[in-house]
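Colleague: Can you read through this structure? Questions will come right after.
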Amino acid sequence: MRIWLARHVQSALASLGRLWRQPLGTLLTVLVIGIALALPATLGVLVRNGEAVAGRWTSVRDFSVYLQPGLPVEQAGELAASLERRPLIAAVRLITADDALAELRTAGGFAGVIDALERNPLPHTLVVRPAADADDAAIAALADELRALPAVELVQLDSDWVARLDAMLAFARRAIWIAAALLVTAVIVIVGNTIRLDIQNQRAEIEVAKLLGATDAFVRRPFLYTGLWYGLAGGGVALLLLLAEQALLAGPAARLAALYGGSFEPLGLSRGGVAAVLGAALAAGLAGAWLAVARHLAAIQPRV
Amino acid sequence: MIRFEQVTKRYPGGREGLVDVSMQIGAGELVFVTGHSGAGKSTLLKLIALIERPTRGQVLVEGRNIGRLPRRAIPAHRRQIGMVFQDHKLLPERTVFENVALPLLIAGLRRRDIQRRVRAALDQVGLLDREQARPEMLSTGEQQRVGIARAVVGRPKLLIADEPTGNLDPALSLEIMLLFRRLNEVGVTMLIATHDIGLLDQLSGRRLMLDAGRLAADLGLH
């Protein structure tokens, strides 16, 4: 067991040493692997941030009920109170036309325009917050019911665009999986081809080793470790690229968030994401090496 | 140690390497295989090392019919045999020490044992002081001695050598042959193929003479 372990350690180090002695070729291969893996990971991080943003809003399912202009404020208050008693509705907030105008005056910079108006053009508005356990279909039905009330002019479901964003994110997630599968396949091919060249370059050594009684496992081992090192280094490069991207995007993301009146801490790769990148890199490296070895090593038989 | 029973080896394309060869070599013998090039010397050695398999007949090594060994059993079989080649087949990018250590590395010995045995083998061929040299820094005679050290480092009971002096001048050839004789004296069975009759005239020992794949003569002690 100790000898077995020592052999593996020795193979692994020997492979590493061989890569180290050809720094340029190794660097290029590792960079290509890193970039190929960084691409889907970057998309993943973008979607993750999109989900975080959307998640902040999907929980908000409030909708606005604009009442008929000129409806007396007492009737609006009664309607609000009656709605609030329904089990499907958690809370109703009445924004009177006067409040809305006052808010618009302070917030929008329309003071001059508003002062020029003879009368308040805004309706009273009810902001309805559905109960937490109400499902989307029930809320939609409720909105339709409210639309039919004579006092109501317009019901606007704010959750429509959230649903669209969700759909977009789902689409993006699927697209990322496809891209990831393609790029991991590319990494397998890259590693496989690199190892194939390695095998050709070491043909003489392989032949001699086989003549001296080396088993297939003995001959195979250093190449598998080479694939593993390529994968590990490529995964490391991918993670470094992601860190760099994050640093570059932090400033613009903060400005963007500030414009929307919130603070936003851009998310990096999750811990599972880091593990996925490294795992995919290692697996692809090993798979590429295995393919090359299975395909080309058996063909080398000593000729004397 | 080795027994051939009516062994025929026909290569793809119809060329016959060996035809109906039967012979026996006992443990501890030193046997030269002679004949013109193409007479079947290499084929005979390749069959023993399982680089080739017989078309007909049986090749037995230590009582085992190796023609029937499955592919995965070949490495273990080869590890029991020391092999010396005409072009020595040393790895140019490795030091003398690393070249000689290779069979022990393959066999999975400990580092400490490897050091001890590599030094002993290099000492046997008189190259202990060159262990850090690369093969190209050595003379052809020295390179072949490294090849021999690599063949005996695993302490095989059987050593086969295919034209080990093919690239050497007569003085060096004799030196190499005397080295083989010394190794034989410590009990290694040896099978050495050579077409150099002039060299053999200076040596005693059993000879198997091959001609066009057939065993033409089996001359006992000279």
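Colleague: So how many Å³ per residue does the convex hull of the Cα atoms of the range B:57-178 work out to?
Modeller: Values: hull volume 15.0 nm³, N = 122.
Dividing the Cα hull volume of the range B:57-178 by its residues yields 123 Å³.
Colleague: Relative to the longest principal axis of the C-alpha atoms of chain A, give the angle of the C-alpha long axis of helix A:2-20, reported between 0 and 90° and rounded to the nearest 10°.
Modeller: Orientation of helix A:2-20: about 80 degrees from the principal axis.
Colleague: Oh, and also: Against the 2.2 N^0.38 Å scaling, with N counting residues, where does chain A land? I'd like the Cα-based Rg ratio to two decimal places. Present the calculation step by step, with values, prior to reporting the outcome.
Modeller: Numbers: Rg = 31.9 Å, N = 304, 2.2 N^0.38 = 19.3 Å.
Here the Cα radius of gyration is 1.65 times the empirical estimate.
Colleague: I would also like to ask the following. Any idea what the relative contact order of chain B is, in percent, if you count C-alpha pairs under 8 Å spaced at least 6 apart?
Modeller: On the way: 422 pairs, mean separation 65.5, N = 222.
Over chain B, the number comes to 30 percent.
Colleague: Take chain A, connect every pair of alpha-carbon atoms lying under 10 Å apart with a spring to form a Gaussian network, then pick out the residue of A:A209, A:A111, A:A36 with the largest mean-square fluctuation.
Modeller: The residue that fluctuates most here is A:A111.
Colleague: Check each residue of the range A:185-214 and keep those whose accessible area, probe 1.4 Å, is at least 40 Å² smaller with all protein chains in place than in the chain alone; give them in order of residue number.
Modeller: Listed by number, the residues meeting the 40 Å² cut-off are A:E205, A:V208, A:L211, A:L212, A:G213.
Colleague: Please give the helix A:159-201 orientation as an angle from the longest Cα principal axis of chain A, in degrees from 0 to 90, rounded to the nearest 10.
Modeller: With rounding to tens, the tilt is 10 degrees.
Colleague: Along the charge dipole of chain B, Cβ charges K/R +1 and D/E -1, which of B:L109, B:I176, B:M23 sits furthest on the positive end?
Modeller: After comparing all options, I get B:L109.
Colleague: With all pairs of different alpha carbon atoms counted, what Kirkwood hydrodynamic radius in Å does the range A:125-269 show? Let's see the in-between values first.
Modeller: On the way: mean 1/r = 0.0458 Å⁻¹.
After inverting the pairwise mean of 1/r, the radius is 21.9 Å.
Colleague: Using just the helices of chain B, give the 222 nm mean residue ellipticity in deg cm²/dmol: DSSP H runs with n ≥ 4 each add -39,500 (n - 2.57), and the total is spread over all residues, rounded to 500. Walk me through the numbers before you get to the answer.
Modeller: Values: 7 runs with 73 residues, N = 222.
Estimated from H runs of four or more residues: -10000 deg cm²/dmol.
Colleague: Chain pair B, A: how much accessible area is buried, both chains summed, with a 1.4 Å probe, in Å² to 100? Don't jump to the answer; show the numbers that get you there.
Modeller: Values: alone 11050 and 18330 Å², together 27430 Å².
Rounded to the nearest hundred, the buried surface is 1900 Å².
Colleague: Accessible area per residue of the protein assembly as shown at 1.4 Å probe, in Å²?
Modeller: Values: 27430 Å² over 526 residues.
About 52 Å² of surface per residue is accessible.
Colleague: Follow-up. So, with +1 on the Cβ of K and R and -1 on the Cβ of D and E, and no other charges, what is the size of the charge dipole of the range B:72-205 about its Cα centre, to the nearest 20 debye? List each step's numbers first, then the result.
Modeller: Numbers: 19 positive and 16 negative charges, 210 e Å.
Dipole about the Cα centre, nearest 20: 1000 debye.
Colleague: Above 15 Å lies some portion of the pair distances; for the range B:90-155, what is it as a whole percent of all C-alpha pairs?
Modeller: Numbers: 842 of 2145 pairs.
Tail of P(r) above 15 Å: 39 percent of Cα pairs.
Colleague: Rounded to two decimals, what is the ratio between the C-alpha radius of gyration of the range A:63-157 and 2.2 N^0.38 Å? List each step's numbers first, then the result.
Modeller: Working: Rg = 14.5 Å, N = 95, 2.2 N^0.38 = 12.4 Å.
Against the compact-globule rule of thumb, the ratio is 1.17.
Colleague: Once the dipole of chain A is set up with Lys and Arg at +1 and Asp and Glu at -1 on Cβ about the Cα centre, which of A:G192, A:L278, A:P69 lies farthest towards its positive end?
Modeller: So the residue furthest toward the plus end is A:G192.
Colleague: Now, a different point. Rounded to the nearest 20 debye, what is the charge dipole size of the protein assembly as shown about its Cα centre when +1 sits on each Lys and Arg Cβ and -1 on each Asp and Glu Cβ? Walk me through the numbers on the way to the answer.
Modeller: On the way: 59 positive and 49 negative charges, 697 e Å.
My answer is approximately 3340 debye.
Colleague: If eta is 1.002 mPa s and T is 20 °C, what Stokes-Einstein diffusion coefficient results for the range B:151-209, Kirkwood Rh from Cα pairs, in µm²/s?
Modeller: Numbers: Rh = 11.9 Å.
The Stokes-Einstein estimate is 179 µm²/s.
Colleague: To continue, here is another question. Beyond 27 Å, what share of the Cα-Cα pairs of chain B is found? Please give it as a whole percent. Each step should come with its number before you reach the end.
Modeller: Working: 7689 of 24531 pairs.
So the portion of pairs separated by more than 27 Å is 31 percent.
Colleague: For a quick check, take a GNM of chain A with Cα springs below 10 Å and name the residue from A:R93, A:R105, A:R220 with the largest mean-square fluctuation.
Modeller: A:R105
Colleague: Just need log10 I(q)/I(0) for the protein assembly as shown at q = 0.07, 0.11 Å⁻¹, Debye formula, equal scatterers on the alpha-carbon atoms, no solvent, rounded to two decimals.
Modeller: One equal scatterer on each Cα of the protein assembly as shown leads to -0.61, -1.01.
Colleague: With angles folded into 0 to 90 degrees, how steeply does helix B:140-152 sit against the dominant principal axis of chain B? Use alpha carbons for both and round to 10.
Modeller: 80
Colleague: Further, regarding this structure: Compute a Gaussian network model of chain A, connecting alpha carbons closer than 10 Å, and tell me which residue from A:A141, A:A233, A:A247 fluctuates the most.
Modeller: Per the Cα network of chain A with a 10 Å cutoff, A:A141 tops the list.
Colleague: Based only on the alpha carbon positions, what is the Kirkwood hydrodynamic radius of the range B:20-118, in angstrom? Walk me through the intermediate numbers first.
Modeller: On the way: mean 1/r = 0.0630 Å⁻¹.
Result for the range B:20-118, one decimal place: 15.9 Å.
The values are calculated or read from the model by the stated rules, or taken from the named source; none is laboratory data. Just so it is clear, the model here is predicted, and its values are computed rather than measured. Note: ideal-geometry Cβ built from the backbone for every residue, glycine included; neighbour counts use all protein chains shown. Side chains included, ligands, DNA and RNA excluded: accessible areas come from the protein's heavy atoms. Shrake-Rupley method; radii C 1.70, N 1.55, O 1.52, S 1.80 Å.
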